[in-house]
1. If the chain between D52 and Y115 were fully stretched, how many nm would it gain, using 0.36 nm times the residue separation less the Cα-Cα distance?
2. Pull out a ≥ b ≥ c, the square roots of the eigenvalues of the alpha-carbon gyration tensor of the stretch 3-118, then state rounded if a/c is under 1.5, prolate if not and a/b is larger than b/c, and oblate in the remaining case.
3. Counting only other residues whose beta carbon sits under 12 Å from that of C69, what net charge do I get with K and R as +1, D and E as -1?
4. With the crude spin-label approximation of a point 7 Å out along Cα→Cβ, what separation in nm comes out for D13 versus W127?
5. For R27, put the label point 7 Å out on the Cα→Cβ axis and report which residues of the stretch 64-88 keep their amide N under 19 Å from it.
6. Specify which residue in the list N7, S61, F106 is farthest towards the positive end of the charge dipole of the chain, using unit charges on the beta carbon of Lys, Arg (+1) and Asp, Glu (-1), about the Cα centre.
7. How many angstrom separate the Cα center of the stretch 83-130 from the Cα center of the stretch 3-34?
8. Taking the Cα centre of the chain as the origin, how large is its charge dipole in debye, to the nearest 20, when only Lys and Arg (+1) and Asp and Glu (-1) carry charge on their Cβ atoms?
Amino acid sequence: MIRYAVNETIDADQFVDLLNRAGLAPRRPVHDRACVEGMVTHADLTVTAWHDDLLVGVARSVTDYSYCCYVSDLAVDREYQRTGIGKRLLDLTGEQVGPLCKLLLFSAPAAESYYPHVGFASNPNGWVRE
Ligand SMILES: CC(C)(COP(=O)(O)OP(=O)(O)OC[C@H]1O[C@@H](n2cnc3c(N)ncnc32)[C@H](O)[C@@H]1OP(=O)(O)O)[C@@H](O)C(=O)NCCC(=O)NCCS
């Protein structure tokens, strides 16, 4: 039984532990404590999935709740992947921000074929200032 929560507090250790269990840690600044603390503290919208007391999924977003919602991190524990948790986290994120608010994200290479499954289209007009 998976429980979903909106803006339930998670700390930096729980977040990093999940990134490790999901396989996303190599692509996130998990060794920069100040950065990870900022990520969990200043996110606008964090949707989480829990199996009892274990954090098994997260969608962490920065958003104005009106026009745009940047889904910065989507991660599901490897033991729980492909059971619908990632899709549910994205659906709940979309419900929180409303139908006019676009969800935007950058895909990790391993997840490129995932996003068409959950309603995303790739867009060639994206730009990043590093
Ligand atoms: C990518 C990730 C978030 C997907 O979450 P998930 O809970 O395993 O996926 P879901 O169970 O919601 O899958 C939904 C659908 O996508 C499909 N799918 C899942 N992972 C997929 C993948 N890597 N490639 C293609 N399709 C995939 C599922 O089969 C399912 O299809 P269906 O609706 O036709 O049955 C999860 O695998 C993960 O955390 N991966 C490691 C971290 C990562 O790469 N995160 C993305 C960063 S941008």
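1. My answer for the length gained is 19.9 nm.
2. Rounded, because the longest to shortest axis ratio a/c is under 1.5.
3. Net charge around C69: -1.
4. Label-label distance for D13 and W127, simple model: 4.3 nm.
5. 69-88
6. Toward the positive end, the furthest listed residue is F106.
7. So the separation of the two Cα centres works out to 18 Å.
8. So the dipole magnitude of the chain works out to roughly 440 debye.
We did not get these values from a lab; they are worked out from the coordinates using the rules stated. The structure presented is a predicted model; accordingly, all values stated were derived computationally and were not measured. Reconstructed Cβ throughout: ideal geometry from the backbone, glycine too, with neighbour counts over all protein chains shown.
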